[in-house]
1. Just give me the residues in region 162-178 being out of contact with any Ser or Thr (no Cβ under 9 Å at 6 or more places or on another chain) and either of a type outside the set (Val, Ile, Thr) or buried (at least 20 other Cβ atoms within 10 Å of the Cβ) (or both), in sequence order.
2. Which pairs have Cβ atoms under 8 Å, sit 6 or more apart or on different chains, and link a residue in region 86-100 that is farther than 15 Å from residue 270 by Cβ and outside the structural domain of residue 113 (by TED's automatic domain parsing) to one that is acidic (Asp, Glu) and at pLDDT 85 or above?
3. What do you reckon, is residue 213 touching a helix residue (DSSP H, G or I) at 6+ places or on another chain (Cβ under 7 Å), assigned to a loop (DSSP other than H, G, I, E, B) and of a type outside the set (A, V, I, L, M)?
4. Could you list, ordered by first residue, the pairs with Cβ atoms under 8 Å in which the first is in region 203-223 and within 17 Å of residue 181 (Cα to Cα) and free of Cβ contacts under 8 Å to residues at least 40 places away in the same chain and the second is in a helix (DSSP H, G or I) and of a type outside the set (A, V, I, L, M), at least 6 apart or interchain?
5. Only residues that are touching a Gly at 6+ places or on another chain (Cβ under 6 Å) and either aliphatic (A, V, I, L, M) or within 14 Å of residue 258 (Cβ to Cβ) (or both): list them for region 177-192, please.
6. Using the structure shown, decide if residue 105 is under 23 Å from the mean Cα position of the chain (by Cα) and in a helix (DSSP H, G or I).
7. Please specify each residue of region 17-43 satisfying the condition of being surrounded by 15 or more Cβ atoms within 10 Å (Cβ to Cβ) and part of a loop (DSSP other than H, G, I, E, B).
Amino acid sequence: MDGKKLEAFVKAVDLGSISRAAIALHLTQSALSQQITSLEASVGVQLLARSKQGVFPTQAGRVLYRHAQHLLRGMDEALMEVRARGDGPSGRVSVGLAPYSLAQSLTVPLLQTVRREYPNIVLHIRENFGGLISEGIATGQIDMGIMYSPVSLRAVHVEPLFVDELSVLAHQKRKLPSPIGFAELTDVPMLVPTRQHSIRLAVDAGFQRHDLFPRIAGELESVPSLLSAVEKDIGCTVLPGASIPDLAQHPTLVRLPFAEPMPIRLAFCISANEPLSEAAVAVERVLRRLVSRVLAEHADVGG
C-alpha cells in the first residue's frame, strides 16, 4: 500500500478537511484528492464522507485509519534506524503521561536524559487522559505510559508502581478543617479535571458515598493553571500526593488529608502483545530510573 496515499488519507482525517490537509502536506488540493481517490479505488470501498463541515472517515475509513497510523509510524521508525546506521538505538518512541500524574516531574528530565544518552532517538511525549493512553498503547500508537487507575484492556500490561493518596489543596484563608470530610466540602467551590479522568471519578465517588454533590467551579487539565487558580482562591482542588508541589514555594496553600482513605493507584503500562523496539526499551530503562528517583524524593518529602 502506497505510503504517500496513506499519509494523505490520515492527514485528511486528522484535520477534517481536504484543503487543510493539502496545505499541511504542501500539495495542491486536487493532487491530494486524487491520492485519496486512488487509495479508495485500490481498497474497493469509500474511505471518506464529505459534508459542508469537511470530511470524516466512513466505518471502513476508521478501520484503515487505525492501521495506517501504525504503518506510517513503523515506516518512520525504519527510516530513522536506517539513517542512524547502527549508531546506538534509534527511532521514534512515544510516551504517554496522564495529567495530574508525574508528568510535570518527568517530562523535562526524560527529554534531557534521552537526548544525552540516546541522541538518535526521537522522543514523543503525549499528555492525555489515562483511557486515551491505554487505547494508544493497545493500538500501537503509544509505546508506554504512566497514569492513575488505567483502563483495563486485554492488550495492555499494567504494572502498579505505588498507591498514592488524594488530598485537598486549598488557600489557607479558607481555614478548612484537617483532616477534612466530604460534608465540609459541599459548599466549597471545587476545581477538578473532567469526568474522563480517574481523579475526578474518585472525587465524584467520594461525594456519592455520602449522598452529597460537589460544587464544581471549574474543570482544568493543567496542574500549573490549577495551582494558580487555587492561589487566587477561585476554589479548592484534589491532587495525588506526588502531584502536589513543594508548598514552601506556595506559602498561601495548605494540604488537607481526607478524613477517610482516598487511595489512587499509579501504574506503568506497555503493550501486552507487541514487544518494544530497541529504542523503546532504552527509553523504558530511562523512564523507570527517573520514576524511581521521583517517587523516592516524594517519599522523603512525605516523611
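1. Keep residues of region 162-178 that are out of contact with any Ser or Thr (no Cβ under 9 Å at 6 or more places or on another chain), which gives 162-163, 165-167, 174-178.
Answer for region 162-178, where residues must be out of contact with any Ser or Thr (no Cβ under 9 Å at 6 or more places or on another chain) and either of a type outside the set (Val, Ile, Thr) or buried (at least 20 other Cβ atoms within 10 Å of the Cβ) (or both): 162, 165, 166, 167, 174, 175, 176, 177, 178.
2. none
3. Values: touching a helix residue (DSSP H, G or I) at 6+ places or on another chain (Cβ under 7 Å): yes; assigned to a loop (DSSP other than H, G, I, E, B): yes; of a type outside the set (A, V, I, L, M): yes.
Spelling it out, residue 213 is indeed touching a helix residue (DSSP H, G or I) at 6+ places or on another chain (Cβ under 7 Å), assigned to a loop (DSSP other than H, G, I, E, B) and of a type outside the set (A, V, I, L, M).
4. 207/182; 209/182; 210/182; 212/182; 213/207; 214/204; 214/207
5. Step one: of region 177-192, the residues touching a Gly at 6+ places or on another chain (Cβ under 6 Å) are 182, 189-191.
If the condition is that a residue be touching a Gly at 6+ places or on another chain (Cβ under 6 Å) and either aliphatic (A, V, I, L, M) or within 14 Å of residue 258 (Cβ to Cβ) (or both), then 182, 190, 191 are the ones that fit.
6. Values: under 23 Å from the mean Cα position of the chain (by Cα): yes; in a helix (DSSP H, G or I): yes.
Criteria met by residue 105.
7. 17, 25, 27
Let's see how each residue does on (1) among the polar types (S, T, N, Q); (2) part of a helix (DSSP H, G or I); (3) outside the structural domain of residue 98 (by TED's automatic domain parsing):
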residue: 176; (1), (2), (3): no, no, yes
residue: 202; (1), (2), (3): no, yes, yes
residue: 218; (1), (2), (3): no, no, yes
residue: 221; (1), (2), (3): no, no, yes
residue: 225; (1), (2), (3): yes, yes, yes
residue: 233; (1), (2), (3): no, no, yes
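The values are calculated or read from the model by the stated rules, or taken from the named source; none is laboratory data. Remember, predicted model here, so these are calculated numbers, not experimental data. Glycine gets a Cβ as well: all are built from the backbone with ideal geometry, and neighbour counts include every protein chain shown.
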